[in-house]
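Asker: If you scroll down you'll find the structure; I have some questions about it.
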Amino acid sequence: MPVNEPEYQKIKSKFMEIISKRDSKKLIIIFGFLGIFLISLSNIFKPGCDLPVKPAQTKVNSEEYVSRLEQSLESIVSSIKGAGTAKVLVTLENGTETVYATEEKKNKAASEDKSGGETTRRKESDDCEKKYITIKDSEGTEHALAVTEIQPRIKGVIVVCQGADDPLVQQRVLNAVTTALSVPSNRVCITRSNL
């Protein structure tokens, strides 16, 4: 909408009057309010300014991880000579853990009270502030920056196979499972199936 000439002239003359009087206090106040208004306006229209920070979703959940382990172990055990068809159950102690990038600020302060040249009291304090580093995705949502994922720890493994009565087959299966999963032998149970 165009400004008509008389209004424009009034605004221009007022502005020139303020400048010509060299009344700098009024000019500073006007520009200060204008600056505050523009800053407030930019905060109102800032996209995604009050979205909560949430960690990024993990790619593989614990159930999928266990399922893949069980299928792989069943395939390996079934291919061992004399083992026959196998079924495997894997249990976990915990789920997948994601480690996020953090920023840490440490402040160390010390003070001493002296009386008569001797230290009467010494006080030290350590403050540590830790916060997550966040990133924005293409949709403007903030996520904590994932550094690594720690796979779940295996609690135990049960292997049921046809040839488990044979000590040699049982030892081969035990070696295969403990090597594949890096678990101790006391966490593995091998038993014969009823087929």
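The values are calculated or read from the model by the stated rules, or taken from the named source; none is laboratory data. Here the structure is a predicted model, which means the values were calculated and not measured. Every residue, glycine among them, receives a Cβ derived from its backbone with ideal geometry; neighbour counts consider all protein chains shown.
Asker: How many residues are under 22 Å from Lys155 (Cβ atoms), in contact with a Ser or Thr (Cβ under 9 Å, 6 or more places away or on another chain) and at pLDDT below 90 when one looks only at region 48-90?
Answerer: Within region 48-90, residues that are under 22 Å from Lys155 (Cβ atoms), in contact with a Ser or Thr (Cβ under 9 Å, 6 or more places away or on another chain) and at pLDDT below 90 number 6.
Asker: Here's a follow-up. Give Ala176, Ala180 a once-over and let me know the one that is assigned by TED's automatic domain parsing to the domain that holds Ser78, of a type in the set (Gly, Ala, Ser) and crowded, with 16+ Cβ neighbours inside 10 Å.
Answerer: After ruling out the rest, the residue left standing is Ala176.
Asker: Is it the case that region 137-151 has a residue that's over 24 Å from Asn61 (Cα atoms) and modelled with pLDDT of 80 or more?
Answerer: Filtering region 137-151 for residues over 24 Å from Asn61 (Cα atoms) gives 140.
Now drop any that are not modelled with pLDDT of 80 or more, which leaves 140.
There is at least one residue in region 137-151 that is over 24 Å from Asn61 (Cα atoms) and modelled with pLDDT of 80 or more.
Asker: Among the residues in region 1-19, are any under 30 Å from Gly156 (Cα atoms), outside any strand (DSSP E or B), among the polar types (S, T, N, Q) and at pLDDT 75 or above?
Answerer: The first filter runs over region 1-19 and keeps only residues under 30 Å from Gly156 (Cα atoms), leaving none.
There is no residue in region 1-19 that is under 30 Å from Gly156 (Cα atoms), outside any strand (DSSP E or B), among the polar types (S, T, N, Q) and at pLDDT 75 or above.
Asker: Please give the strands (runs of 3 or more DSSP E) falling wholly within region 76-195 in which 2 or more residues are not β-branched (Val, Ile, Thr). First the steps, then the outcome.
Answerer: Details: elements: 86-92, 97-100, 102-115, 118-132, 134-136, 142-144, 146-150, 154-161, 188-192.
Here the list reads 86-92, 97-100, 102-115, 118-132, 142-144, 146-150, 154-161, 188-192.
Asker: Can I ask one more? Scan (1) surrounded by 11 or more Cβ atoms within 10 Å (Cβ to Cβ); (2) not assigned by TED's automatic domain parsing to the domain that holds Lys87 for the single condition Val169 breaks and write down its number.
Answerer: Of the numbered conditions (1) surrounded by 11 or more Cβ atoms within 10 Å (Cβ to Cβ); (2) not assigned by TED's automatic domain parsing to the domain that holds Lys87, the odd one out for Val169 is (2).
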